[in-house]
1. Quick check: with the 1.4 Å probe, what order do His32, His118, His139 take by accessible area, largest first?
2. At a Förster radius of 25 Å, what calculated FRET efficiency corresponds to the Cβ-Cβ distance of Leu90 and Lys137, to the nearest 0.05?
3. Need one value: the accessible area of Ile149 in square angstrom, 1.4 angstrom probe, rounded to the nearest 10.
4. For segment 11-89, with all protein chains present and a 1.4 Å probe, just round the carbon and sulfur fraction of the accessible area to a whole percent.
5. Can you tell me what the convex hull of the Cα atoms of segment 106-159 projects to on average, as an area in nm²?
6. Dipole size in debye (nearest 20) for the chain around its Cα centre, Lys and Arg Cβ +1, Asp and Glu Cβ -1?
7. Quick check for you: with a 1.4 Å probe and neighbouring chains kept, what is the accessible area per residue of the chain, in Å²?
8. Relative contact order, percent, of segment 96-155 when contacts are C-alpha pairs under 8 Å separated by at least 6 residues?
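The values are calculated or read from the model by the stated rules, or taken from the named source; none is laboratory data. A quick note: this is a predicted structure, and the numbers were derived from the prediction, not measured. Using ideal geometry, Cβ is built from the backbone for each residue, glycine included, and neighbour counts are taken over all protein chains shown. Protein only, heavy atoms only, side chains kept; ligands, DNA and RNA dropped before computing areas. Shrake-Rupley method; radii C 1.70, N 1.55, O 1.52, S 1.80 Å.
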Amino acid sequence: MLNKNNEFKGLSIRALVALGTFSLKLYSKKYHINNSDLDEFIDLNLKLLIAEDLLKWNNEFSSVEVTGLGDPFPIDLVEKYPEHSLKLDLITQNIREISASQIYGSWNSDLTYKLLYHVQELCDIEINREFNLNLFKEHNPGTEGWGTIVSENLVGKWLIQLKY
């Protein structure tokens, strides 16, 4: 399922994080996974779309239980979903690494695309079939990969892609 046709080429870091986060939401929906710590992780990732201060946004992950940085997963999440906890941990780590790997260095688009490919494989979906990538490519990554904040109108178009 590795995306070999470069469909992700041209996506900003913000769009990649959104697509990864939306993929996690689809995975959670498919397996009826409901957890407030996971919801906090999802919500914080989606705050990236409108975050003006990237370092401040990045530092907010220290205040949530699911950081996506390899920290131990919340025990209640592991106990309630033992058959999914390892995969959820890997999904969250790959989503988080899309942005975390780019905070302090120059943009490595190939790395960010590869991380989203891993999310796609772990979630067992084809992102380009689930979501209209052209809508996500409307956000210009600029030279640094992040682009400016995503407009409210475009965020709305992206959220509609979730179909629930």
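1. Reading off the accessible areas and sorting them downward yields His32, His118, His139.
2. 0.45
3. 70
4. Within segment 11-89, the accessible surface is 52 percent carbon and sulfur.
5. Result: a mean projected hull area of 4.2 nm².
6. Approximately 600 debye in magnitude.
7. 51
8. It comes to 26 percent, rounded to a whole number.
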